[in-house]
Amino acid sequence: MGIKTIPFRDIEDQAENMYEAVVAMSGQAKEELNERIVNKAIKDHQDSELDVFDELEETTIEDYEEKEKVTTVAIEKFLIGDVKWSKPY
């Protein structure tokens with residue numbers, strides 16, 4: 001579930017410039033995180049109907065669901081070519 005060493009050649013196959021690659025991967029990680037936050041908010045909203053004075057349930061260790069880190073997902077998508085970006089100029 002962790003990130004393994006990635007050869008520079010694999011990154012260079014996807015982008016001409018290493019800095020462009022890092023920016024593209026970080027942008028993808030940001031998108032992945034935003035998507036997770038929105039999906040969780042939608043799910044939480046659909047699961048509960050709260051009134052003004054209702055209290056929120058605290059999550060417990062048993063409720064914890066381990067997911068792959070967004071940086072790992074972003075790097076994997078970048079390496080297989082699923083991340084699209086363009087230069088601003």
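Scanning the stretch 7-21 for residues that are over 11 Å from LEU79 (Cβ atoms) and not in a helix (DSSP H, G or I), which turns out modelled with the lowest pLDDT? Across the stretch 7-21, the extreme among qualifying residues is GLU16.
The residues of the stretch 63-89 that are over 13 Å from the mean Cα position of the chain (by Cα) and either of a type in the set (A, V, I, L, M) or at pLDDT 75 or above (or both), listed by number, are GLU65, GLU66, LEU79, ILE80, GLY81, ASP82, LYS84, TRP85, SER86. If you check GLU57, GLU35 for being modelled with pLDDT under 80 and over 17 Å from ILE11 (Cα atoms), only one passes: GLU57. Screening ASP51 against (1) assigned to a loop (DSSP other than H, G, I, E, B); (2) acidic (Asp, Glu); (3) at pLDDT 75 or above leaves a single unmet condition, (3). If I filter the stretch 23-41 down to residues being within 14 Å of GLY81 (Cα to Cα) and not small (Gly, Ala, Ser), which single residue comes out as farthest from the chain's Cα centre (by Cα)? In this case the residue turns out to be MET25.
The values are calculated or read from the model by the stated rules, or taken from the named source; none is laboratory data. What you see is a predicted model; the values in this text were computed from it and never measured. Every residue, glycine among them, receives a Cβ derived from its backbone with ideal geometry; neighbour counts consider all protein chains shown.
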